[in-house]
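Please read the structure below before turning to the comments.
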Amino acid sequence: MKSYIAILTLVMASLAAHGQSLVDHAMQEAARQAIMEMVNSGGETGFSAVSVAVMDNGNGNVLTLLDLKMTTDGLQEVADNDYRPYYHDGNTMAIMYLLLLESGVSPDEMHYTPCVYRDSASRRIRILDHQVGDPCYMSLKVAMDRSDVVMVKALEKRFGKSMREFAYYLNMTGSWLGDTDQDWTIDDFSGQENDDWQAADAFAPGEQSTTLQMAAWMQAVANDGKMMTPRLDASDKQDVYMTMKAQESNIGLLKEALRDAVLVGCAKSANSPMVPVSGMVNVTVDMTTRERCAMFNGFIPGYTVTVNLVMRSGDANDAPAAIARNIIEWIANNRINNIHQ
């Protein structure tokens, strides 16, 4: 998918301004401590890079933007590199789900799947809520959190004969973040309505985006489609960067699925008794380094929290979600009165 050039430009312009930073230094230090606790626990020693972004959903203020890289001296902050794109786009599954909902597909539509995943701790294949050998069908709502196989099947069923429709609904989801230099436009597909093609190719894992870009899209979901311009500096204009054209009811269904992913799904390590958490985890593999790019992206009332890891070992689902939970609980304890309603 196309990198988010427009927001990237905004971030670079803010960094160049060298004005009054909006970073909440206590929050950023809490994020750093959450990362180091995970590293020092001994169970997660394979990190090569870690990045965290926290946005205030009410005004777009970027309160934490932390980028660490493993060196011979341990994890060290990367200077002047806040906009370096090195993570695969972790919003892919959520974008697919919203895209399908917007095009009229029911969240309860069922697809066959092997229903298996590899437990990274025990190295055993497990069956998701099924006995070995039983047929397994999964709804789109559950698949958004658990099965890229089902999401790809649904995309091909819905858009395999209509590239033009795919482009139309993709833009409705706001997945391009308003980028006018996007690769896919409706005009590109005129006269190609009946060509067979692979809709999932638009979400190829080779595309990369930054932690802040992923946080900005999730912040728009938290705000029912209204994306605030990310503000790194007090002099930056506070405004609405764009509004998704997707129906608010469909964004609401996505939010329900994100909440379920934290309560009972793959993102359950981010769950907290202190504040309701919604979000998702996503893991892709860097085809060059063979490292895993693992992400938690989610929100609580007032804040969006995104954690990205590049890792060689450890539980790629649990690690980013556990770090996010510690950051979220620090926010609940220390910034709850500052939440924008």
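The values are calculated or read from the model by the stated rules, or taken from the named source; none is laboratory data. The structure presented is a predicted model; accordingly, all values stated were derived computationally and were not measured. Positions of Cβ are backbone-derived with ideal geometry, glycine not excepted, and every protein chain shown enters the neighbour counts. All accessible areas refer to the heavy atoms of the entire protein, side chains included, with ligands and DNA or RNA removed. Shrake-Rupley method; radii C 1.70, N 1.55, O 1.52, S 1.80 Å.
Place +1 on the Cβ of every Lys and Arg and -1 on the Cβ of every Asp and Glu in the range 248-319, take the dipole about the Cα centre, and give the residue among 250, 271, 283 whose Cα lies farthest towards its positive end.
It is 283, whose Cα lies furthest towards the positive end.
In the full protein assembly as shown, how much of residue 112 is accessible to a 1.4 Å probe, in Å² to the nearest 10?
110 Å²
Ignoring ligands, DNA and RNA, please state the percent of accessible area on the range 259-331 from carbon and sulfur, probe 1.4 Å.
C and S fraction of accessible area: 53 percent.
Roughly how much of residue 203 is accessible, in Å² to the nearest 10, using a 1.4 Å probe?
Accessible surface of residue 203 is approximately 20 Å².
Please calculate the 1.4 Å probe accessible area of residue 327, with all protein chains present, and give it to the nearest 10 Å².
Number for this one is 0 Å².
If the only charges are +1 at each Lys and Arg Cβ and -1 at each Asp and Glu Cβ, what is the size of the charge dipole of the range 252-329 around the Cα centre, to the nearest 20 debye?
Values: 7 positive and 7 negative charges, 7 e Å.
So the dipole magnitude of the range 252-329 works out to roughly 40 debye.
At 0.36 nm per residue, minus the direct Cα-Cα distance, what do residue 275 and residue 29 gain on full extension? Give it in nm, one decimal, please.
Values: separation 246, 0.36 × 246 = 88.56 nm, distance 2.07 nm.
Result for the pair: 86.5 nm of gain on full extension.
Check cross-link reach from residue 157 to the lysines: straight Cα distance under 18 Å, and skip same-chain residues fewer than eight apart.
Those lysines meeting the cut-off are 141.
Could you order 260, 201, 286 by accessible surface area, starting with the largest, using a probe radius of 1.4 Å? Provide the component values of the computation, followed by the final result.
Numbers: 260 60, 201 100, 286 30 Å².
Correct descending sequence by accessible area is 201, 260, 286.
Write out the trypsin sites (Lys or Arg not before Pro) in the range 197-259 meeting two conditions: DSSP loop, and at most 10 other Cβ atoms within 10 Å of their Cβ. Kindly include the intermediate steps, with their values, before the conclusion.
Working: sites: 226, 231, 237, 245, 255, 259; in loops: 237, 245.
When the trypsin sites (Lys or Arg not before Pro) of the range 197-259 are filtered for loop state and at most 10 Cβ neighbours within 10 Å, 237 remain.
Which FRET efficiency value, to the nearest 0.05, is calculated for residue 41 and residue 288 with the Förster distance at 35 angstrom and r the Cβ-Cβ distance? Working shown, then result.
Numbers: r = 28 Å, r/R0 = 0.81.
Efficiency for this residue pair is about 0.75.
Sort the following peptides by mean Cβ neighbour count (other Cβ atoms within 10 Å, averaged over residues), highest first: 94-104, 67-77. List each step's numbers first, then the result.
On the way: 94-104: 23.5, 67-77: 13.8.
Those peptides, ordered most packed to least, come out 94-104, 67-77.
Could you size up the charge dipole of the range 19-75 around its Cα centre, putting +1 on the beta carbon of Lys and Arg and -1 on that of Asp and Glu, and report it in debye to the nearest 20? List each step's numbers first, then the result.
On the way: 2 positive and 7 negative charges, 19 e Å.
For the range 19-75, the charge dipole is close to 80 debye.
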